[in-house]
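Notes follow the structure.
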Amino acid sequence: MLRNLIVLVHNIYSVTRLIEAVKLAYSFGIEKFIVTRAIGAAAQEAYPEACKIALRLNRSILFLRDLQDVIETIKPEVAIGIVPPRYANNLFSEEEVVKKLLEGKIVLLAFGGGEPGFTRKDLELLDARTLDVPPDIPNLGLMAITLYKVTREYHRRVRG
């Protein structure tokens, strides 16, 4: 049921960071990747490269204008924004996410592409969660840790 897990990167301007995020998500077996509010070079130069990676791996990638478009189009039952510790009070729970995935729910995990990744308005659309990590871990690091925790828990539950 990892096919119901969607990874999103929002507010990204770096070509390198976007390509690394795409590769990272796909390396964890994620099939669906969304980019919102891609700015400048990330919107122009990274777009064709990210699409090429997705095609090569038989995965999907979607570029949309904003988070609101994703919520309206995809309609995830769970939409979590992973943010640095200073931006959220609630800890992320991979157990909760995997439970929802095993129930067949669509889960969106959103990560910021830059610093800060989300505005206050953006966070109104997401359940802001953080990890129990040092406060200066960059967003790409938060993505790696989160996807590791989710896929590990998923495989633990599925394999029993």
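The values are calculated or read from the model by the stated rules, or taken from the named source; none is laboratory data. Quick caveat: nothing in here was measured; it's all calculated off a predicted structure. FYI the Cβ positions are ideal-geometry reconstructions off the backbone, even for glycines, and counts take in every protein chain you see.
For the reader, a short list of remarks on this structure follows.
- Verdict on residue 116 being within 29 Å of residue 42 (Cβ to Cβ) and either touching a residue at least 24 places away in the same chain (Cβ under 8 Å) or surrounded by 15 or more Cβ atoms within 10 Å (Cβ to Cβ) (or both): yes
- Flag if residue 87 is at pLDDT below 95 and not charged (D, E, K, R): yes
- Within region 133-144, restricting attention to residues that are over 11 Å from the mean Cα position of the chain (by Cα) and over 16 Å from residue 90 (Cβ atoms), the residue that is modelled with the highest pLDDT is 141.
- Test: residue in region 48-59 that is part of a loop (DSSP other than H, G, I, E, B), more than 12 Å from the chain's Cα centre (by Cα), on the phi > 0 side of the Ramachandran plot and not aromatic (Phe, Trp, Tyr): yes
- Residue list for region 42-90, filter: under 19 Å from residue 24 (Cβ atoms) and among the small types (Gly, Ala, Ser): 42, 46, 50, 54, 60, 81
- Selection of region 132-160 for residues being farther than 9 Å from residue 84 by Cβ, surrounded by 14 or more Cβ atoms within 10 Å (Cβ to Cβ) and among the aliphatic types (A, V, I, L, M) yields 140, 143, 144, 145, 147, 150.
- Residue match in region 36-46 (condition: outside any helix (DSSP H, G or I), of a type in the set (Val, Ile, Thr) and over 17 Å from residue 80 (Cβ atoms)): yes
- Checking every residue in region 45-66 against the condition of being closer than 18 Å to residue 121 by Cβ, surrounded by fewer than 16 Cβ atoms within 10 Å (Cβ to Cβ) and of a type in the set (D, E, K, R) gives at least one match.
- Test: residue in region 101-108 that is farther than 21 Å from residue 158 by Cβ, in contact (Cβ under 8 Å) with a residue 60 or more places away in the chain and over 15 Å from the mean Cα position of the chain (by Cα): no
- Test: residue in region 93-105 that is under 25 Å from residue 38 (Cα atoms) and out of contact with any Asp or Glu (no Cβ under 6 Å at 6 or more places or on another chain): no
- Counted residues, region 24-46 - those being at pLDDT below 95 and aliphatic (A, V, I, L, M): 6
- Scanning region 55-62 finds one or more residues that are touching a residue at least 12 places away in the same chain (Cβ under 8 Å) and within 20 Å of residue 118 (Cα to Cα).
- Scanning region 7-31 for residues that are surrounded by fewer than 17 Cβ atoms within 10 Å (Cβ to Cβ), more than 15 Å from residue 48 (Cα to Cα) and hydroxyl-bearing (Ser, Thr, Tyr) yields a single hit, 27.
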